[in-house]
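The values are calculated or read from the model by the stated rules, or taken from the named source; none is laboratory data. Values in this document were obtained by computation on a predicted structure and should not be read as measured data. Cβ sites come from the backbone with ideal geometry, for glycine too, and all protein chains shown count toward neighbours. Accessible surface is based on the protein model in full, side chains and every heavy atom, while ligands, DNA and RNA are left aside. Shrake-Rupley method; radii C 1.70, N 1.55, O 1.52, S 1.80 Å.
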Amino acid sequence: MGYRYCGARPTLTTQSHPPQIVKEQILAETELSHKHLTPELKLHLITPTCRLWTSPPPHSPFLDPFWAFYWPGGQAVSRFILDNAHLVKGKRVLDFGCGCGASGLAAKTSTAKHVTFNDIDKVALEAVLLNGYQNNIVVDSLLSSNLIGSPSGQYDVVLVGDMLYDTEFAHQVLCWLQNLHESGSLVIIGDPGRFALESHPLKKLLMCLGKYELTEATILENRGYTQAFVWTFR
Ligand SMILES: C[S@@+](CC[C@H](N)C(=O)[O-])C[C@H]1O[C@@H](n2cnc3c(N)ncnc32)[C@H](O)[C@@H]1O
């Protein structure tokens, strides 16, 4: 297989490789994992038994494979949705920054009418398809555009798993989410207590819907974080 070189890094992209090749590489470099807060969903993830767990970036065919990890905030959102299915039942849902797609898959399992899986990384969207297939869940639609700033009208519920990892980016995201909330969307945010959220002025407008203890495997991956919280706008 030929990799596109991006600096010193070999990078597999959906532009340079057919989706089938990307999917095969995802399957080769991940393992099915259920050691997280939603064990009912088996997900293709990079775990300690995978080559890429310890390989330096130049040995990875993927550029920043965020989708290959199930982030604490995403786990909390998914657990919360599975336990509160009525919130998404029959609703149009957006999984913003879906990564592996677990939160959107949790919404589909909870009988959401339509779920849009959105991630600017098109490799993530291939991983979503594989994870949907693995769990016998139909993936309604995939969207790779950057939605930040766009009007919400189409979505009743917006799921936001661990998107507040950088201060500047978190500011953009939170301002946009506040607009979505004011336009009538139910915004559900999962976060393990990252500084960008904790220190943001909009945090005082959020109320806590749930708090979860992370699994040992997740704590190992996310040094310092042992819990994750679910928030919504008051
Ligand atoms: C920290 S991961 C969270 C993934 C998933 N929600 C979870 O909790 O496991 C952030 C994800 O957001 C995606 N992302 C970053 N900026 C984005 C944007 N503007 N729009 C959509 N996705 C974005 C990244 O590609 C990555 O997959």
Exercise for the section: Starting from the Cα of residue 40, move 7 Å in the Cα-to-Cβ direction to define the label point; list residues of region 47-72 whose amide nitrogen is under 12 Å from there. Expected result: none
Fill in the blank from the handout: For the chain, the longest principal axis of the Cα atoms and the Cα long axis of helix 19-29 enclose an angle in degrees, to the nearest 10, of 90
Problem - Long-range amide H partners of residue 209 with built H, under 5 Å - result: 230, 231, 232
Problem - Over the chain: helical MRE at 222 nm, DSSP H runs n ≥ 4 each giving -39500 (n - 2.57), nearest 500 - result: -9000 deg cm²/dmol
Problem - Rh (Kirkwood; distinct C-alpha pairs) - region 24-116, Å - result: 14.0
Handout entry: Spatially close lysines, pair count over region 72-233: Cα under 23 Å, gap of eight or more or interchain
Key = 8
Problem - Accessible surface, 1.4 Å probe, highest first, among residues 81, 21, 137 - result: 21, 137, 81
Problem - Area accessible to solvent at residue 213, 1.4 Å probe radius, in Å² - result: 110
Problem - Rounded accessible area per residue of region 120-234, 1.4 Å, Å² - result: 49
Practice task
With a 1.4 Å probe and all protein chains in place, put 212, 133 in order of accessible area, largest first.
Solution key: 133, 212
Handout entry: Accessible area (Å², 1.4 Å probe, nearest 10) - residue 226
Key = 70
Handout entry: Cα-based helix-to-principal-axis angle, 72-83 vs the chain, degrees rounded to 10
Key = 60
Practice task
Measure off, as a whole percent, the carbon and sulfur share of the 1.4 Å-probe accessible area of the chain, all protein chains present.
Solution key: 56
Problem - Between 0 and 90°, nearest 10: helix 167-182 axis offset from the chain longest Cα axis - result: 50
Exercise for the section: Output the relative contact order of the chain, whole-number percent, from Cα pairs under 8 angstrom with separation of 6+ residues. Expected result: 18
Exercise for the section: Determine the per residue accessible area of region 4-67 with all protein chains present and a 1.4 angstrom probe, expressed in square angstrom. Expected result: 53
Exercise for the section: Roll a 1.4 Å probe over the protein heavy atoms and report the accessible area of residue 34 in Å², nearest 10. Expected result: 90
